[in-house]
Amino acid sequence: MTAIKTLLILLALSTTAACAATPELYRPGAAIFQAEPVTDFDSYRESVERYVDTNLVAVEGFEREQQVQWNLPYRLTPAGNCAGENRAGVLLVHGLSDSPFVFRDLARYLAERCIEVRTLLLQGHGTRPGDMVSARAEVWRQQVRHHFAALSADVDQAFIGGFSLGGALATDYALSDTGPRPEGLIAIAPAWELNGLSSYLWLAPVADAFGDFVEREPELNPVKYESVTFNAGSQIGEVISATQRRMARQDTLDTPLFLAATEADSVINLDYLVSQFQYRFTNPQNRMVIFRDMREPWSEIQGDGRIRFLNSYLPEANILEFSHQSLLIAPDNELYGLGAPLQRCLEPNNLSLDACRQLPEDELWFSAWHDNERPVFTSRLTYNPWFGKLAGAIGEFIRANASIGTP
């Protein structure tokens with residue numbers, strides 16, 4: 001009965017969306033970027049820049065050219081003082097509705113420590129929400145395959161990693177039999193299982209036949225879509241199903257894994273991540289970082305020495321808990337960091353944008369996204385106060401699984 005009610009709601013929403021006027025922001029662009037073999041990263045980036053510049057519908061409040069640059073893929077090579085014969089590199093894959101900007105802080109950290117970093121722009125992203133109407137999971141997979149093959153040809157040890165949807169795509173590739181094998185997998189809040197939504201993802205293709213958008217939100221973020229298409233639900237559901245099948249084919253998986261998540265994640269099912277880490281990924285080099293409220297014990301996994309806990313309840317900073325989106329963002333990030341344009345009131349919880357902006361600074365707290373009332377006024381946390389510790393743990397994981405020259 002619940003599934004039927006959910007379907008009716010989705011159909012009602014989609015019919016409303018289909019009848020409404022469609023501004024340029026919510027229409028697909030004239031062209032969509034495809035997956036092509038990567039023979040030269042600079043040429044690839046130039047072609048993406050031309051595409052983004054042509055198709056981007058800029059959001060207000062930021063220079064258009066700056067928005068183009070923020071959404072582009074990039075390569076950061078190791079610092080000039082790095083030495084040694086072996087070179088390591090990592091391909092990082094961004095999340096749904098996101099862009100390579102999410103890895104900017106981590107990429108700089110790793111490159112300074114002699115690790116090459118490459119990113120890519122997934123089809124449908126970085127331009128306008130309307131381009132997500134026709135994006136396809138198989139194209140995303142092809143993009144990951146092409147870019148990892150190119151990285152593997154240029155470095156001695158190649159790793160793959162991703163955030164959210166990108167974490168699932170990276171996992172799917174790492175466990176597949178296609179192409180070069182990665183030395184290790186880095187999964188940050190990977191979409192292996194969604195919180196409370198997995199039972200309904202099959203409904204998205206049905207609703208997609210009646211309209212394009214689940215919701216059209218005001219677009220305030222120049223590097224991430226707020227509006228959601230039914231097709232996005234279809235495609236991420238397909239990726240999650242494929243990734244779960246990959247993991248289920250073997251009782252144990254020996255691919256070295258670094259996993260990170262926040263206990264308060266409104267998107268990802270943390271219990272599923274922990275169970276896979278503990279019982280399916282068996283490599284002794286595996287490591288996991290969990291951000292959680294340390295006032296409450298978690299006795300079932302407290303004794304696992306491979307799992308590290310970092311406190312997410314930081315009242316001195318008005319932080320109740322960490323959000324899904326905050327994990328990879330440094331406190332000095334130019335868009336999401338402390339005092340940056342998107343740090344305050346980007347996504348208020350049960351509070352209008354205007355009401356949030358009028359709150360005195362000490363009355364606004366930061367948390368994960370919630371649709372229920374909180375004891376204080378909250379907005380989604382956009383940065384990670386423990387970013388340095390997370391980035392350091394990722395760097396240590398790469399070093400433990402590859403011989404990297406040190407400066």
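Below are the figures for this structure:
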quantity	calculated
Accessible surface, per residue, of the chain when the full set of protein chains is kept, probe 1.4 Å, Å²	42 Å²
Extreme residue, positive dipole direction of the chain, given options Pro375, Trp298, Asn221 (C-beta unit charges)	Trp298
J(HN,Hα) series, segment 45-58, from Karplus relation 6.51 cos²θ - 1.76 cosθ + 1.60, nearest Hz, glycine and proline x	5, 5, 5, 5, 4, 4, 5, 5, 4, 6, 9, 5, 9, 5
Other-chain or far-sequence residues with amide H under 5 Å of Thr378's (modelled H)	Asn349, Trp365
Relative intensity, log₁₀ I(q)/I(0), of the chain from a Debye sum that treats every alpha carbon as a point, q = 0.06, 0.07, 0.09 Å⁻¹	-0.23, -0.31, -0.52
Mean projected area (nm²) of the alpha-carbon convex hull when segment 269-378 is viewed from all directions	8.4 nm²
Within the chain, percent of DSSP bridges classed antiparallel, to nearest 5	20 percent
Antiparallel bridges, percent of DSSP beta bridges restricted to segment 250-362 (to nearest 5)	10 percent
Percent carbon-and-sulfur accessible area, the chain, ignoring ligands, DNA and RNA, probe 1.4 Å	50 percent
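The values are calculated or read from the model by the stated rules, or taken from the named source; none is laboratory data. Predicted model, so just to flag it, every value in this text is computed and none were measured. Positions of Cβ are backbone-derived with ideal geometry, glycine not excepted, and every protein chain shown enters the neighbour counts. Heavy atoms of the whole protein, side chains included, go into the accessibility calculation; ligands, DNA and RNA do not. Shrake-Rupley method; radii C 1.70, N 1.55, O 1.52, S 1.80 Å.
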